[in-house]
1. Return yes or no: is Arg48 over 11 Å from the mean Cα position of the chain (by Cα), surrounded by 10 or more Cβ atoms within 10 Å (Cβ to Cβ) and in contact (Cβ under 8 Å) with a residue 12 or more places away in the chain?
2. Kindly indicate whether any position in the stretch 12-26 is under 25 Å from Leu59 (Cβ atoms), outside any loop (DSSP other than H, G, I, E, B) and under 14 Å from the mean Cα position of the chain (by Cα).
3. Among the numbered conditions (1) open to solvent by 70 Å² or more (accessible area, probe 1.4 Å); (2) in a helix (DSSP H, G or I); (3) out of contact with any Ser or Thr (no Cβ under 8 Å at 6 or more places or on another chain), tell me where Ala62 comes up short.
4. Are any residues in the stretch 16-32 out of contact with any helix residue (DSSP H, G or I) (no Cβ under 7 Å at 6 or more places or on another chain), open to solvent by less than 90 Å² (accessible area, probe 1.4 Å) and at pLDDT below 95, and if so, which ones?
Amino acid sequence: NASPAGMKPGDPLPVEADKLAPETFVGCVITVPVVSPLIEAARKRGCRTSTGSDMYQALQSAMVDFLLAGERIG
């Protein structure tokens, strides 16, 4: 999920979670709430998941390097 769906209480899920197979990987980029309704539903179905916070942690160094490119001395 790369949409804001799940950030507000009552938002509909961006996919039909009951159709997720346990072997499906589900990722959601939103960081608030940490465990989005989509991730919660996917985990209940046995899917491997990645939260927005997981993704941010994995990429934060690369993001800082990109944003500071040309700003570092030495």
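The values are calculated or read from the model by the stated rules, or taken from the named source; none is laboratory data. Keep in mind that what you see is a predicted model, and the values were worked out from it rather than measured. Note: ideal-geometry Cβ built from the backbone for every residue, glycine included; neighbour counts use all protein chains shown. All accessible areas refer to the heavy atoms of the entire protein, side chains included, with ligands and DNA or RNA removed. Shrake-Rupley method; radii C 1.70, N 1.55, O 1.52, S 1.80 Å.
1. Against the criterion (over 11 Å from the mean Cα position of the chain (by Cα), surrounded by 10 or more Cβ atoms within 10 Å (Cβ to Cβ) and in contact (Cβ under 8 Å) with a residue 12 or more places away in the chain), Arg48 qualifies.
2. The answer is yes, given that some residue of the stretch 12-26 is under 25 Å from Leu59 (Cβ atoms), outside any loop (DSSP other than H, G, I, E, B) and under 14 Å from the mean Cα position of the chain (by Cα).
3. Every condition holds for Ala62 apart from (1).
4. Within the stretch 16-32, none qualify.
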